[in-house]
Structures are given as C-alpha cells and as structure tokens.
Amino acid sequence: MTNIFRNAGANNHLPEYKELMQMIKVMIADDQEMIRQSLEVMINNNHDMKVVGAAEDGKMVIDTIKTIKPDILLLDIRMPHMDGVECMKIIREKNIQTKVIILTTFDDDEYIFEALKNGASGYLLKGISLEELAKSIRIVAKGGTLLNPDVATKLCRLFSKLAQADYVNKVEEASVDDLTPSEIKVLQLVGKGMSNKSITNELHISEGTVRNYISSILNKLNLQSRTQLAIYAVQSGLVT
C-alpha cells in the first residue's frame, strides 16, 4: 500500500491507486483475535472493501481511528478496558465521521438502545452470513442504516413501551423519598443512558455496588426493569 501511494503520480500505478481509494475501508474492533482474523479474511475477499485496521478494545480504537480513517467500524459491545458503548460516545464527542456497525453476540435491550442512541448505523448479531455482512457494510457506507430482524423487533417493543409509559404517576411520592442521595445519583445516570461500567467510572464505585443500587431503586419505586427506571428519571425531571 505504501508503494502505491508513493507512486500515485505514475501512470502505471494510477488505476490501482484509484481502485484502492474507491474501496470501503473497514476497521474491526473485537477482543477475540480469532474473530478479528476471520472477519478480515472474509471482508478482504470482497472486491470493493478492505480491512485497514484492527483493535482489541475500545481504547485502542480511539487511539488509532483518526490515523486509520476507516469508512466503517465493526464494533463489538463487550471488550476490556473500554466497552463498545463508551467507545461510541467518545467517537460521537470527537465528531469522528466513521460510521459504526455494532457486530456482537449480545442483543440485550440496554445494549441496543445505548448503541443506537450514540449514533450506531447498524446493530447486527454475530453469526450472520458473509453475504449479509458484506451487504450491510455497503448499505451503511452509502449512508443507510440497518438492524438484524430480531434486534428490530426488540427495538419496536422498546419504543412501544416508551410511548405508552407513564411511570411518574405509578411511583408513589413516599417511595421517592426513600431513595438515598447515592441512589438518586445512580438513577439520574441511568436516565442519561449510561451503562453500569460508565456509572462505575463516573462515581468511582464498583460495578457490583452499581448493580446493588439499581436493584434497591427498582424495589423502592416498584418498577421492574432498567428501561422503566430510565423512563421514570426522564419523566420526573431528574434528567434535564
């Protein structure tokens, strides 16, 4: 690749240079080396796309993405040091133009909502065929968005809950008064869409403590899920 750019002005290399520039440049972020290598082989088998970089965690993505400048980032959700959700937030804050496709084994409502809220152009589950993956990369590269059918169904259910929910009226005022200052702070951060790991970093407490706080808040407010907590936090004005 270096020689191509160095000799881009030479006529005998110009067609090859143009072809490279027209390729969809893909970066892969996954903590499993075997998956990174397998994806690279599969993607490079397509004539119109090429893997230009790989990372084993979100921190490595942030450190290298501005240099690599990929068109598409295939991003796993659960990775060490910095997970995919936190990585996406930083990409958005830094106004990096790379389009992100979440490619993961996890279809939890929390992850789907967080990824899309932070600007993901697609959310796919690992196990899709090579043809579907390549098609998805092309769609997103052209400005489209996409979701795995199972993920789309979950998202529709989530939006339906958001539209119908009125948890402010369901939560008794006395229950809110039972919340400790620490629990209120955690509730506010849940309402902002922060993951447990992000809350851990924000409040400098363990992830187990965060889970215990959330369990206690759910019990005191008589709510059943993290999604309900987030909706309540927004509806009650705790999140502005």
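Condition test on Ala120, is it in contact (Cβ under 8 Å) with a residue 24 or more places away in the chain, within 9 Å of the chain's Cα centre (by Cα), surrounded by 16 or more Cβ atoms within 10 Å (Cβ to Cβ) and assigned to a loop (DSSP other than H, G, I, E, B)? Yes; evaluated as a whole, the condition is true for this residue.
Taken over the stretch 193-205, residues that are open to solvent by 50 Å² or more (accessible area, probe 1.4 Å) and under 21 Å from the mean Cα position of the chain (by Cα) amount to 3.
Within the stretch 206-240, the set of residues being assigned to a loop (DSSP other than H, G, I, E, B) and either over 25 Å from Pro80 (Cβ atoms) or open to solvent by less than 50 Å² (accessible area, probe 1.4 Å) (or both) comprises Asn222, Leu223, Gln224, Ser225, Ser236, Gly237, Leu238, Val239, Thr240.
The values are calculated or read from the model by the stated rules, or taken from the named source; none is laboratory data. Bear in mind the structure is a predicted one, so any value in this text is a computation, not a measurement. For neighbour counting, all protein chains shown are included, and Cβ atoms are generated from backbone atoms with ideal geometry for every residue, glycine included. The area values use the complete protein model at the heavy-atom level, side chains included, leaving out ligands, DNA and RNA. Shrake-Rupley method; radii C 1.70, N 1.55, O 1.52, S 1.80 Å.
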